[in-house]
Structure formats: structure tokens, C-alpha cells
Amino acid sequence: MNKNISISLFSDNVILSIKAFSVFVICILLLLFSACDSDKIADVDMDEPSESNVTMVFKAGTNSLFMENTSIYVFTNTDKFVEKKLNVNVTDNKLSTYMPVGTWNLALLTCDESLAGKIILPPYAGASSCPMWKTGFTDHTEEFLSQAPAELRYDSLLNTVITENMQTRKQATLNRNVAKIQVILKKYTGFDEIDLGKNDFAFVDLLEVPTTLNWRGEYYPNKTNPDNSGNKPIREYFNFKSKLVGGVEELVADTIDYIIPAHRGSDAFATHHIDTTTHKLKLQISMPLKGTSYFGKTRTPIEISYVPKINRIIQLTVTFRGEPDTYLDVKVGVKDWEDPIKQEVEFE
């Protein structure tokens, strides 16, 4: 007698535009049923815990990479780590694996790139307060911090009861657990001649960047004083392109995007947020002047007034003048992170 649980991800005639909070809404149907297989009855040890088949179904509109890179991590309902589900079968648009009957806390992770070797597993029986993700450096010199994946998505399903002859319906919303910081060089003047493309001394450093998330999607070890990169920045260079501005051809810099881990508070999806980090990022902007980097009147980093939040963009608009009369102005705004492509998604 094989006891199976089918978890179907579906939605009835619902069109989901993936924008604003950019979520994947997943309705999870847990349906326990029994089925006989005469060829396998002799192999079943009735003294062993029942195992149940867990199936996740992804339908039209979902990027296939999210399905391929989805992982399930199992904790007890007393918050002790058990395992990452291995031997997950991928068939067409389905993921399936086996779990014992019981009450579990499940953590779901996905991304549009492989997370193999990048996720930190807790020790056996470790709590969800253990590190899950830590952003590394660009190379072995550890001079510059890397960026986080833009589509690192997470959700948890607490107290998921898997039991016989009972149907349980759950909803998982896999939101990005990252924030985007954009730097827009609106106007610049009074510097060395700028060339097309990237220039040696035209860059932006983002400093004191939080690096580590725990298995609740929160900053590690805490939201007040998270592990961060300190004075080792994420460095990105302005890329200048020729554009017509008011009928005049000018070299205009592309917007610089930074992707960093963001704290997932208990009220992350409420209108007003209280469970947020108090840790603030810092910024340095360099332009070439007299053959070297010029940061303005002082090299002291600028503190960004807004803190990073999941699925949000902090937008920094910069006006920078070198010589004469040095002037540096940074205006800060915040907006929701919207996807450029709207999709219809059905789960059944």
C-alpha cells in the first residue's frame, strides 16, 4: 500500500501579472490518497514511517529555469533542520519527491540561475536562524564584493501538516529576497575627457553592503548589525554611450544597478514596515580628474537615507561637477521593483 501526497500548484482562471512586488503565487494543494501496487507490496516495511509523494506543477508563463532551480528544505515544526530534498524528479513541468507524513516547516528557494554550491545548509537540527546565503567576493584577493542574483526568491511554509485522508491547501509566494540600488548620473561636467564605454576612474562604490541571510530570509545575525562588506565595496563602472540630448550629441552614462540581499521582515508585505533593518548603505562616486579618481571635496562616503527592502528599488540621481566649484548632489527615491514583461501564469 503506497500512501502518496500530491502537491499541485495551481490557480483557477486567475491571471497573474508579475510586476510590482514581482511574485510567483503558488497555490499548494496537499492531497493524501492511497493506491495499491501489487508489484511492490512485498517491498513495503510496515514498521517504517509512511512516505508521501510531493509533486509541484509549474504551468504556462513560468520561466523553466525557476522550476529547474527550485529546492525544498525541510525543518521540523520545532525549527530544527532535517534535510534538503534530494532525488527530486523533473519531468516536463513537474517536480516530485518523497516526504514522511508529519508536520513540517518547508523553505522554498528558486532562482533563474543555478544555486548549486551557493546555499549554506544548516547543521543537522540547526535552527532557521542559521546562515542561508552569503555574498562572496569577485576573486581570491577579496578586494571587491560580488552582487547577489537578481532573482533569488524565497518563501517558507510553516506548520505544513501532511496527514492521511485530509486535504490541506497552502499558498507560497516566492518573492525576491533582494533589493536593487540604481545610480543615475544625470549630469556631469568639469572632468577629464570622457571616452565611449568604460573609463578607468569613472565608477561607483557601494559600501557596507549586507552579505548574509538566514533561513527566514532575514539579515544575519540580526537586522540591526548584519554581516556586511565594510569598506570592501561592490564596484561598478559607468558605461558611456553617445546619445542626442536636446539635438546635441553627448556621452551619457547607463544606469548602474546593484543587487544586494535585503531583510525580509515579518511585515515585509504590509503597507507600513516596522520590522526593517536600521543598517544603512554608503556610496562613493568617482570621476576622472587630472588622471586619477576624484570623489568631490571629500572622500568620505555618502550615507544613503533609505534602507534596502525586498522587491524595492532605491534610486540615486547624481549631479557631479569637478572643477571649478566642485559640486556633488545625490537625490534619493524609492519605488517598487516592477518586471518589464507581464506574463499570464496558470498553475493547475
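The values are calculated or read from the model by the stated rules, or taken from the named source; none is laboratory data. Just so we're clear, the structure is a prediction, and the values are computed from it rather than from any experiment. Methodologically, a virtual Cβ is constructed for each residue, glycine included, from the backbone with ideal geometry; neighbour enumeration extends over all protein chains shown.
Observations
Quick grid of which residues meet (1) surrounded by fewer than 19 Cβ atoms within 10 Å (Cβ to Cβ); (2) of a type in the set (Lys, Arg); (3) in contact with a helix residue (DSSP H, G or I) (Cβ under 6 Å, 6 or more places away or on another chain):
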| site | (1), (2), (3) |
| --- | --- |
| ASN177 | no, no, no |
| LYS180 | no, yes, no |
| VAL183 | no, no, no |
| LYS187 | yes, yes, no |
| ASP195 | yes, no, no |
| ASN214 | no, no, no |
| ASN231 | yes, no, no |
| ILE234 | no, no, no |
| LEU244 | yes, no, no |
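Residue-wise test of (1) in the same structural domain as ASP329 (by TED's automatic domain parsing); (2) modelled with pLDDT under 90; (3) small (Gly, Ala, Ser); (4) surrounded by 20 or more Cβ atoms within 10 Å (Cβ to Cβ).
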{"residue": "LYS94", "(1), (2), (3), (4)": "no, yes, no, no"}
{"residue": "PRO100", "(1), (2), (3), (4)": "no, yes, no, no"}
{"residue": "THR103", "(1), (2), (3), (4)": "no, no, no, no"}
{"residue": "LEU121", "(1), (2), (3), (4)": "no, no, no, no"}
{"residue": "TYR124", "(1), (2), (3), (4)": "no, no, no, no"}
{"residue": "ALA127", "(1), (2), (3), (4)": "no, no, yes, no"}
{"residue": "PHE144", "(1), (2), (3), (4)": "no, no, no, no"}
{"residue": "ALA148", "(1), (2), (3), (4)": "no, no, yes, yes"}
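Table: residues versus (1) free of Cβ contacts under 8 Å to residues at least 60 places away in the same chain; (2) more than 30 Å from ASP227 (Cβ to Cβ); (3) of a type outside the set (S, T, N, Q).
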| site | (1), (2), (3) |
| --- | --- |
| TYR237 | yes, no, yes |
| SER242 | yes, yes, no |
| VAL245 | yes, yes, yes |
| LEU251 | yes, yes, yes |
| ASP257 | no, no, yes |
| GLY265 | yes, no, yes |
| PHE269 | no, no, yes |
| HIS272 | yes, no, yes |
| ASP275 | yes, no, yes |
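- Residue-level check: of (1) hydroxyl-bearing (Ser, Thr, Tyr); (2) closer than 28 Å to PRO123 by Cα; (3) modelled with pLDDT of 95 or more, TYR258 misses just (2).
- Taking strands (runs of 3 or more DSSP E) as the structural unit, those lying wholly within region 238-330 and holding at least 1 residues that are of a type in the set (Phe, Trp, Tyr) and closer than 27 Å to PHE191 by Cα correspond to 256-261, 292-294, 312-321.
- Residue within region 272-287 that is surrounded by 12 or more Cβ atoms within 10 Å (Cβ to Cβ), out of contact with any helix residue (DSSP H, G or I) (no Cβ under 7 Å at 6 or more places or on another chain), of a type in the set (D, E, K, R) and within 30 Å of ILE194 (Cα to Cα) present: yes
- Every residue from region 252-271 that is under 12 Å from the mean Cα position of the chain (by Cα) and either farther than 30 Å from ILE194 by Cβ or surrounded by fewer than 19 Cβ atoms within 10 Å (Cβ to Cβ) (or both): PRO261, ALA262, HIS263, ARG264
- Residue match in region 310-319 (condition: at pLDDT 95 or above, surrounded by fewer than 14 Cβ atoms within 10 Å (Cβ to Cβ) and more than 26 Å from ALA172 (Cα to Cα)): no
- Condition met for TYR306 (closer than 22 Å to PHE144 by Cβ, modelled with pLDDT of 95 or more and hydroxyl-bearing (Ser, Thr, Tyr)): no
- Summed over region 135-154, the residues that are over 17 Å from ILE310 (Cβ atoms) and either under 15 Å from the mean Cα position of the chain (by Cα) or of a type outside the set (Asp, Glu) (or both) give a count of 8.
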